[in-house]
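K.L.:
Here it is: the structure, laid out below.
The values are calculated or read from the model by the stated rules, or taken from the named source; none is laboratory data. The structure presented is a predicted model; accordingly, all values stated were derived computationally and were not measured. In this analysis, Cβ positions are derived from the backbone assuming ideal geometry, glycine residues included, and neighbour counts consider all displayed protein chains.
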């Protein structure tokens, strides 16, 4: 490693900061929970999870935590994903593959719009389109 | 690479000696085998603090807090939790039956803590400079070099009210001003990491968990006072801390954060490590400096103080590890912010190594002014095995005991001193009803007698004499006049000894006399030790009414001094008994009497 200048140190700090902030949970309000039971994994939940993590990183969303959980019980529509965030109903999505995951991040998390065709647990009717 | 999960494994000395290294390797192997390498980051961190339950493994962002993890559990955590998302329930920390899967921030052990010195301990990988930098590392140095004058820095320290954390509590900014204002071609900066109090491990853990914070602070000091060379004096018994510090210094040099022309500022500074051989007296600053110079570690009279004439006769700032670790935060967040925390005279936080008869032994950091009760009962989880609290010892061999009636005292330098103890470097040893105060005083005095360098006679002779008297008392051979004699010699040592070691060595005796003189009297007059820890004064007998003659005690007696026929009351041969207490412990019928 060569000696660094002040600017390089500052840049390095910004880069590494993003990485280390991902470990922190405090103050993050949006939660994506991926069902990773045997059925979920068999149906491709690992890919789904990866897609979530990558898309969130790509869009630089700092407020989002991706967690995994066991089987949610909707084994017929695996992989299942629950999204919890302010100003939006708690929503469970089914049949979420990598593409749908990206859509959920862009529509649901960024634009606060439900991805209606994959909603499993329906929130109040007035919110649904 | 986008990681989805982070596994933090404590690799402080405590957890590492409980095989956290093996756990790390096994998890790494499993993660590779399961193809999770690109999704999960394994991090070796410094101490989490809850050493009682180590090794500790923390999974984020799930906030799962695994305790007492064994190497064989590693596979299960990877297989069940990391792969399938099911936390391994029986390893998750719970402080009460009803509280399962509790969030880390809600664990009582952490609730009253406030971390400044330990801000990065258990959060970052101490062997990776990038992680330190990510947590605003070297930002204070940047600020100091490019935005602040030496006077600005000293002003900030003055506002912060930071006082030396090594024990004496001398205002840090004053030391710096003394050294800064002396004209000298060469000046030095020294970190005192010669932590020697029995049961204390704050400094070791800070260096193990966050070595760069020391390097950064020492460099800032060098810039402030005009020094270009720093030394860290650390005892050779801390191999892990030394290794991490060496690694950190190397990384900082490679990046140019140490060495010539730091960050293009034109300022040069470098740090070297000096190993101590483990002499307690070398924690005293003048003895420490003598040891760095290559001489025998012996104190010399002050003044002149090291700030004016220290290492090789040159002005030298010498601060303790914890003091150093607070400084980058003070520069970044401001002296005002720091001064909001704590009490009128003692600002900021204090790290304590909580040990003894307390449920949650460990490393804690609390705001000054927190009460002893909060520390021992809320954070420490109370006394082990439901016993009664008797006293807490603070300040190690230089400190004293504080009894139950002062549990609600807010901790700060002045309050502890008023109670006859001292803040010291931060060891807190909790004692229960089974601890004999004379025995405790004897233990500490034995330590200081052993560690006395022998240069001045009050310490060399006084300590030895006091120890002899205590020894007699614990053996039932004391006289009432001994109490006055102890006080007399103790006061003479306090006044006439050359350095802090001798001046404070009688403290454990004087403070136990202050609060527990009745125990001394009981030993002397009744030849009785109520706590039952002075062997010569304890006798084990068997109550024939209760003894059913099971023979268990006879079987467990290491010297075969218990005899009797089966199903008939047994007896103990007092002439052979070594008072190990085995019979008392194993008897299920309460037939063995201790008294």
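K.L.:
Would you say residue B:496 is free of Cβ contacts under 8 Å to residues at least 12 places away in the same chain, more than 30 Å from residue B:592 (Cα to Cα) and out of contact with any strand residue (DSSP E or B) (no Cβ under 8 Å at 6 or more places or on another chain)?
P.N.:
On the way: free of Cβ contacts under 8 Å to residues at least 12 places away in the same chain: no; more than 30 Å from residue B:592 (Cα to Cα): yes; out of contact with any strand residue (DSSP E or B) (no Cβ under 8 Å at 6 or more places or on another chain): yes.
So residue B:496 does not fit the description; no.
Conditions (1) at pLDDT 95 or above; (2) touching a helix residue (DSSP H, G or I) at 6+ places or on another chain (Cβ under 6 Å); (3) under 18 Å from residue B:399 (Cα atoms), marked per residue:
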{"residue": "B:434", "(1), (2), (3)": "no, no, no"}
{"residue": "B:461", "(1), (2), (3)": "yes, no, no"}
{"residue": "B:470", "(1), (2), (3)": "yes, yes, yes"}
{"residue": "B:477", "(1), (2), (3)": "no, no, no"}
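K.L.:
Checking the condition on the phi < 0 side of the Ramachandran plot and either outside any helix (DSSP H, G or I) or in contact (Cβ under 8 Å) with a residue 60 or more places away in the chain (or both), which residue from B:536, B:517, B:446 passes? Break it down stepwise before answering.
P.N.:
Values: B:517 fails: either outside any helix (DSSP H, G or I) or in contact (Cβ under 8 Å) with a residue 60 or more places away in the chain (or both); B:446 fails: either outside any helix (DSSP H, G or I) or in contact (Cβ under 8 Å) with a residue 60 or more places away in the chain (or both).
One residue alone meets the criteria, B:536.
K.L.:
In the set A:93, A:74, which member is buried (at least 17 other Cβ atoms within 10 Å of the Cβ), more than 24 Å from residue B:78 (Cβ to Cβ), more than 14 Å from chain B (Cβ to nearest Cβ) and more than 15 Å from the chain's Cα centre (by Cα)? Even if it seems obvious, please write down each step before you answer.
P.N.:
Values: A:93 fails: more than 15 Å from the chain's Cα centre (by Cα).
Only one candidate passes the filter, namely A:74.
K.L.:
Then there is this: Collect the residues in region B:12-54 that are under 20 Å from residue B:76 (Cα atoms), more than 14 Å from every other protein chain (Cβ to nearest Cβ), without any contact (Cβ under 8 Å) to a residue 40 or more places away in the chain and not in a helix (DSSP H, G or I), keeping them in residue-number order.
P.N.:
Across region B:12-54, the qualifying residue is only B:18.
K.L.:
Please enumerate the residues belonging to region A:14-37 that are in a helix (DSSP H, G or I), surrounded by fewer than 19 Cβ atoms within 10 Å (Cβ to Cβ) and at the interface with chain B (Cβ under 7 Å from one of its Cβ atoms). Reasoning before the result, please.
P.N.:
The first filter runs over region A:14-37 and keeps only residues in a helix (DSSP H, G or I), leaving A:14-21.
Retained after the next criterion (residues that are surrounded by fewer than 19 Cβ atoms within 10 Å (Cβ to Cβ)): A:14-15, A:17-19, A:21.
Hits for region A:14-37 are A:17, A:19.
K.L.:
Something else: Quick one: how many residues across region B:383-403 are surrounded by fewer than 17 Cβ atoms within 10 Å (Cβ to Cβ) and either in contact with a helix residue (DSSP H, G or I) (Cβ under 9 Å, 6 or more places away or on another chain) or at pLDDT 95 or above (or both)?
P.N.:
Of the residues in that region, 1 qualify.
K.L.:
Something else about it: Just to be sure, is residue B:51 assigned by TED's automatic domain parsing to the domain that holds residue B:80 and within 16 Å of residue B:91 (Cβ to Cβ)?
P.N.:
On the way: assigned by TED's automatic domain parsing to the domain that holds residue B:80: yes; within 16 Å of residue B:91 (Cβ to Cβ): no.
No; evaluated as a whole, the condition is false for this residue.
K.L.:
How many of the residues making up region B:297-326 are touching a residue at least 12 places away in the same chain (Cβ under 8 Å) and in a loop (DSSP other than H, G, I, E, B)?
P.N.:
Restricting attention to region B:297-326, the residues satisfying the condition of being touching a residue at least 12 places away in the same chain (Cβ under 8 Å) are B:297-302, B:305-308, B:310-312, B:314-326.
Restricting the remaining residues to those that are in a loop (DSSP other than H, G, I, E, B) gives B:297-302, B:305-308, B:310, B:314-315.
Here the count works out to 13.
K.L.:
Give the residues of region B:1-11 that are within 14 Å of chain A (Cβ to nearest Cβ) and buried (at least 16 other Cβ atoms within 10 Å of the Cβ), sorted by residue number.
P.N.:
In the first step, residues of region B:1-11 are kept if they are within 14 Å of chain A (Cβ to nearest Cβ); the result is B:1-9.
The answer is B:2, B:3, B:4, B:5, B:6, B:7, B:8, B:9.
K.L.:
Moving on to the next point. Kindly check whether there is at least one residue in region B:364-372 that is touching a helix residue (DSSP H, G or I) at 6+ places or on another chain (Cβ under 7 Å) and within 15 Å of residue B:157 (Cα to Cα).
P.N.:
no
K.L.:
Further question: Give me the pairs, please: first residue somewhere in region B:64-82 and assigned to a loop (DSSP other than H, G, I, E, B), second residue anywhere and crowded, with 23+ Cβ neighbours inside 10 Å, beta-carbon distance under 6 Å, and either six or more positions apart or on two chains.
P.N.:
These pairs meet every condition: B:67/B:56; B:69/B:23; B:69/B:55; B:69/B:57; B:71/B:23.
K.L.:
So which residues in region A:40-56 are surrounded by 18 or more Cβ atoms within 10 Å (Cβ to Cβ) and facing chain B (nearest Cβ under 7 Å)?
P.N.:
Of the residues in region A:40-56, the ones surrounded by 18 or more Cβ atoms within 10 Å (Cβ to Cβ) are A:40-41, A:43, A:45-46, A:48-53, A:55-56.
The answer is A:41, A:49, A:50, A:53.
K.L.:
Restricting attention to region A:1-13, report how many residues are facing chain B (nearest Cβ under 8 Å) and either assigned to a helix (DSSP H, G or I) or touching a residue at least 60 places away in the same chain (Cβ under 8 Å) (or both).
P.N.:
Qualifying residue count, region A:1-13: 5.
K.L.:
Could you list, in sequence order, all residues of region B:126-155 that are crowded, with 21+ Cβ neighbours inside 10 Å, in a loop (DSSP other than H, G, I, E, B) and within 12 Å of another protein chain (Cβ to nearest Cβ)?
P.N.:
B:137, B:138
K.L.:
Right, residue B:121: under 30 Å from residue B:14 (Cβ atoms), touching a strand residue (DSSP E or B) at 6+ places or on another chain (Cβ under 9 Å), crowded, with 23+ Cβ neighbours inside 10 Å and not assigned by TED's automatic domain parsing to the domain that holds residue B:222 or not? Steps first, please.
P.N.:
On the way: under 30 Å from residue B:14 (Cβ atoms): yes; touching a strand residue (DSSP E or B) at 6+ places or on another chain (Cβ under 9 Å): yes; crowded, with 23+ Cβ neighbours inside 10 Å: yes; not assigned by TED's automatic domain parsing to the domain that holds residue B:222: yes.
Answer is yes for this residue.
K.L.:
I'm trying to understand the selection: among the residues of region B:200-258, which are more than 14 Å from chain A (Cβ to nearest Cβ) and over 27 Å from the mean Cα position of the chain (by Cα)?
P.N.:
Within region B:200-258, B:222, B:223, B:224, B:225, B:226, B:227, B:228, B:229 meet the criteria.
K.L.:
Condition test on residue B:439, is it under 28 Å from residue B:286 (Cβ atoms) and under 27 Å from the mean Cα position of the chain (by Cα)? Spell out how you get there, then give the answer.
P.N.:
Numbers: under 28 Å from residue B:286 (Cβ atoms): no; under 27 Å from the mean Cα position of the chain (by Cα): yes.
Criteria not met by residue B:439.
K.L.:
Here's something else I'd like to know. Checking residue B:158 against (1) closer than 24 Å to residue B:313 by Cα; (2) in contact with a strand residue (DSSP E or B) (Cβ under 9 Å, 6 or more places away or on another chain); (3) modelled with pLDDT of 95 or more; (4) surrounded by fewer than 24 Cβ atoms within 10 Å (Cβ to Cβ), only one condition comes out false. Which one?
P.N.:
(1)
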